[in-house]
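Encoded as structure tokens, the structure appears first; notes follow it.
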Number of protein chains: 2
Amino acid sequence: MLEQERTSDMDDRKKTILKAIVDDYVKTCEPVGSKSLVERYNLNYSSATIRNEMAELEEMGFLVKPHTSAGRMPSDKGYRAYVDNLLSLPEIPPEEEIAVRQFLTENLREAREMIERTAEYLAEKTNYLSVVLSPQYSDTSLEQIKIMMIEPGRAIVVLVLSPGVVHDRLIRIPSLIDEKDLNEIGQAIERCLTGKRLNDITLVTISSAAEDTELPEALVNQVLYEAYVAIKQTERIEVYIDGKYRLLKHPEFRDVDRASRFYDTMRQEQMVAGYMRELEQEEEIDAMKGLDTLEIIESAPGTLATRKDRPAYMVRIGQEIALNGMEDMSFITTTYRIGRRISGQIGVIGPKRMEYGNIISQISFVNRALSDVAEGHYTRGGDRLTLED
Amino acid sequence: MLEQERTSDMDDRKKTILKAIVDDYVKTCEPVGSKSLVERYNLNYSSATIRNEMAELEEMGFLVKPHTSAGRMPSDKGYRAYVDNLLSLPEIPPEEEIAVRQFLTENLREAREMIERTAEYLAEKTNYLSVVLSPQYSDTSLEQIKIMMIEPGRAIVVLVLSPGVVHDRLIRIPSLIDEKDLNEIGQAIERCLTGKRLNDITLVTISSAAEDTELPEALVNQVLYEAYVAIKQTERIEVYIDGKYRLLKHPEFRDVDRASRFYDTMRQEQMVAGYMRELEQEEEIDAMKGLDTLEIIESAPGTLATRKDRPAYMVRIGQEIALNGMEDMSFITTTYRIGRRISGQIGVIGPKRMEYGNIISQISFVNRALSDVAEGHYTRGGDRLTLED
DNA sequence: TCTAGCACTCGAACACTCCGAGTGCTAATT
DNA sequence: AATTAGCACTCGGAGTGTTCGAGTGCTAGA
């Protein structure tokens, strides 16, 4: 155990064998034996040799046996080594790029639809569960805020954030306030808050708007408070999950209890979201790794804008995931960016026995598409992207 | 088989036995035999007598045996007889009534939150899956419509329907239109549409608003079209499903393939919604039945408003459900009403082996609570209900 | 250093038995 | 005529034993 534990200590043959084992296990979900391995991957060694190597790989902690006379399967560490060093990332054909951009923006009205569709697309393509978080807007600024009377006692607040995102919310107001008063208060709020970062807006900031009007303070304060809540509401991260039911079709979910435990966790969406955001912050280091495997995508002339870099991704395998009921899952995440300030997370959750290469390609690809499309969409008039109409 | 098939042909003893069998099977999910039945429900007959009766009930089609030497379990027809004639509906304590009303309205802002919470509450209480459809608003009228500029090229349409429901939607408009033009168009639309039933608003109706302004027709038309889409959007029925994962905990979902097929169907929410609405229209007759078992709830002085009638409900059992993958489920639905014109559906889906009495009580109860609360909420100023603030 | 060969291991699959909770039927009892 | 006691019968489930084969580790020879 002490002698050698890191992947770098493996010779090429060990690497080939480990890769073959992971590939095979991912495909079949059955422990793989030395003989069938030699046959299926026509390795130029006898099964006995492979056996010896497998024994060593097991001792190094990359493989495990469910019982003595069974084949081997990858341990968490084995998957980890595979993901970090042995992975090949398939490319995604350029037609797909066009299709996805179209899918993300077609008939699009609200920003959140784009995120919903991202989740949908990813679940469809990977056949696993996808999670997409709406961006965190705390760092962006308020571009407009309008309050509109609906009827005595009720109004609607419409907020426009600097990247052009619109949120709104119904509020209750004192029935005594009439339309004219409300407009006055609205304008005071607007003067007071426009251009401020959401983060900087507090109850104190907003209450200074009260000084700006002649109306009775008690009335004004309630409106201010409601407006404040509406603003804070837009900072909340929305979670879009798609493909939950898909996991049921994978053999590791044969066991209903395990499935049930998993779903119990997934139901707590805010917790999952929180975990994803933590990951991003903690794992800038891992992110670098993503850049290691950087790959230059040659763009044929005339294709859509391509990028030289592949977005960083993070992979959490089995026990590495700090969420209940996820011990047999893997969680791949990546961060999409819209401009410099706005970012959110995209993730795929599947069994540990996952097609890592494929999923990572897909998630990176979707990340790029979403970032690009959203940026083009937000920076209206930008010429990098043509949307419908 | 020919001799007697209807429940009414059963003598009291048969009824008692059938009821006991259903109750027992619902509890244990195991075929129930004559001996254990006698013991558990201390019937005053020997197991042999029960055996004879069970044989007859089987011949009449109310019971089935999984194999020769096993106990009996209810057939679909057996459940049907149980639901139609043998059911006892537990009452729900008045404290619960207060609690639900509070839960449904606490911190409430948007109408759809109330529906979401209804679904949540029902799933929680029944431990099955709940479906709640938003009301169909086609028959209500448009009280207000406002269009507000967000930035060149984008605007927001806010609609207020007569029961005080607010919808909004972002739209794209020609970039040439400035705020003043937009307001003019908005007012024209308002003049043209206010007070009209949604059903009566068509592209033709709305286009008459164009005549009302001086602006270039091409520009106006696009806005009109977008406004039209926004209006039609509010007619769409939203589907809220909660407790999907809960079904996994029930033994009939041990079989993952069956579960998977079920979820494949449930994923098509619009189809499920369509089915529920069909049911309501077709089954006015069944609805009458619900009123048959009418029960007077004596209201202790000082409790919340109680009603004499129990809302009508419909039960669909097993094969009766015309949806794929639902052969082993039961579907209980009911229609909530807000005022005379607005109605929507509430449903619970669980295994055929369902606690019918309990679920029907719950769904009726929730129906009443939602109808009442919503009505109080919509008819603002109504004094039947006190909401927070 | 590799590989052929061999003894060994263990789970999956199948056959077999036993057990008990269930049945239907018949004859005796009320 | 209705009920019940009694009995032979059925059949799934749990338990046991056996076989089979794909896997292993180890050793000796190429």
Worksheet item: Since B:E214 meets every condition but one in (1) closer than 23 Å to A:L108 by Cα; (2) modelled with pLDDT under 95; (3) surrounded by fewer than 21 Cβ atoms within 10 Å (Cβ to Cβ), which condition does it not meet?
Response: (1)
Discussion item. If I filter the range B:140-155 down to residues being away from chain A (no Cβ under 12 Å) and in contact (Cβ under 8 Å) with a residue 60 or more places away in the chain, which single residue comes out as nearest to A:L170 (Cα to Cα)?
Written reply: B:L142
Item to complete: Determine which single condition B:E106 fails, assuming it passes every other condition in (1) without any contact (Cβ under 8 Å) to a residue 60 or more places away in the chain; (2) assigned by TED's automatic domain parsing to the domain that holds B:G357.
Response: (1)
Item to complete: Could you tell me which numbered condition A:E252 fails, if it satisfies all but one of (1) within 14 Å of another protein chain (Cβ to nearest Cβ); (2) surrounded by 21 or more Cβ atoms within 10 Å (Cβ to Cβ); (3) at pLDDT below 95?
Response: (2)
Response to the item:
Residue hits (the range A:173-183; within 14 Å of another protein chain (Cβ to nearest Cβ) and open to solvent by 50 Å² or more (accessible area, probe 1.4 Å)) are A:S175, A:L176, A:E179, A:N183
Practice prompt. Restricting attention to the range B:28-43, report how many residues are within 11 Å of DNA strand D (Cβ to nearest atom) and part of a helix (DSSP H, G or I).
Written response: 3
Worksheet entry | Qualifying residues in the range A:86-96 (those that are within 23 Å of the chain's Cα centre (by Cα) and not hydroxyl-bearing (S, T, Y)) - the one farthest from A:E30 (Cα to Cα) | A:P94
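Search the range B:20-37 for residues being β-branched (V, I, T) and more than 13 Å from DNA strand C (Cβ to nearest atom), and hand back the single one that is farthest from the other protein chains (Cβ to nearest Cβ).
Among those that are β-branched (V, I, T) and more than 13 Å from DNA strand C (Cβ to nearest atom), it is B:V22.
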Fill in: Test set (1) open to solvent by less than 60 Å² (accessible area, probe 1.4 Å); (2) touching a Phe, Trp or Tyr at 6+ places or on another chain (Cβ under 9 Å); (3) under 28 Å from A:Q136 (Cα atoms); (4) within 14 Å of chain B (Cβ to nearest Cβ) - A:G186 fails condition number
(2)
Worksheet item: Looking only at residues in the range A:255-268 that are facing chain B (nearest Cβ under 7 Å) and of a type in the set (S, T, Y), which one is nearest to B:D255 (Cα to Cα)?
Response: A:S260
Practice prompt. Return a yes/no flag: does the range B:14-27 have any residue that is open to solvent by 50 Å² or more (accessible area, probe 1.4 Å), within 14 Å of DNA strand D (Cβ to nearest atom) and without any contact (Cβ under 8 Å) to a residue 40 or more places away in the chain.
Written response: yes
Worksheet entry | Residue satisfying condition, being away from chain A (no Cβ under 14 Å) and not in a strand (DSSP E or B), within set B:E113, B:E91, B:E124, B:E120 | B:E91
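Conditions tested, residue by residue: (1) open to solvent by 10 Å² or more (accessible area, probe 1.4 Å); (2) assigned to a helix (DSSP H, G or I); (3) basic (K, R); (4) at pLDDT 95 or above.
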position	(1), (2), (3), (4)
A:A273	no, yes, no, yes
A:A305	yes, no, no, no
A:R310	yes, no, yes, no
A:R337	yes, no, yes, no
A:R340	yes, no, yes, no
A:I359	no, yes, no, yes
A:Q362	yes, yes, no, yes
A:V366	no, yes, no, yes
Practice prompt. Report yes if B:R40 is of a type outside the set (A, V, I, L, M), under 27 Å from B:R254 (Cβ atoms) and more than 9 Å from DNA strand C (Cβ to nearest atom), otherwise no.
Written response: yes
Response to the item:
Of those in the range A:44-81 that are over 16 Å from A:A20 (Cβ atoms) and charged (D, E, K, R), the residue nearest to DNA strand D (Cβ to nearest atom) is A:K65
Discussion item. If I ask for residues that are in contact with a strand residue (DSSP E or B) (Cβ under 6 Å, 6 or more places away or on another chain) and away from chain A (no Cβ under 13 Å), which ones from the range B:222-238 would you list?
Written reply: B:T234, B:I237
Fill in: Filter result (of a type in the set (F, W, Y) and farther than 11 Å from A:I363 by Cβ) within the range A:122-147
A:Y137
Worksheet, complete the sentence: Of the residues in the range A:44-71, those that are more than 9 Å from DNA strand C (Cβ to nearest atom) and either part of a helix (DSSP H, G or I) or buried (at least 18 other Cβ atoms within 10 Å of the Cβ) (or both) come to A:M54, A:A55, A:E56, A:L57, A:E58, A:E59, A:M60, A:F62, A:L63, A:G71
Discussion item. Return the residues of the range B:156-172 that are more than 7 Å from every other protein chain (Cβ to nearest Cβ), touching an Asp or Glu at 6+ places or on another chain (Cβ under 7 Å) and open to solvent by 10 Å² or more (accessible area, probe 1.4 Å); say none if nothing qualifies.
Written reply: B:S162
Practice prompt. Would you please list the contacts, defined by Cβ atoms under 7 Å and residues six or more apart or on different chains, that run from a residue in the range A:44-58 that is farther than 11 Å from A:R13 by Cβ to a residue that is open to solvent by 80 Å² or more (accessible area, probe 1.4 Å)?
Written response: A:S47/A:K35
Fill in: Candidates A:E284, A:E295, A:E269, A:E280, filtered to the one that is of a type in the set (D, E) and either modelled with pLDDT of 90 or more or outside the structural domain of A:I360 (by TED's automatic domain parsing) (or both)
A:E269
Worksheet, complete the sentence: Taking the range B:189-208 and keeping only residues that are acidic (D, E) and open to solvent by 70 Å² or more (accessible area, probe 1.4 Å), one is left with B:D200
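The values are calculated or read from the model by the stated rules, or taken from the named source; none is laboratory data. Just so it is clear, the structure is predicted and the values come from calculations on it, not from any experiment. Reconstructed Cβ throughout: ideal geometry from the backbone, glycine too, with neighbour counts over all protein chains shown. SASA here: full protein model, heavy atoms, side chains in, ligands and nucleic acids out. Shrake-Rupley method; radii C 1.70, N 1.55, O 1.52, S 1.80 Å.
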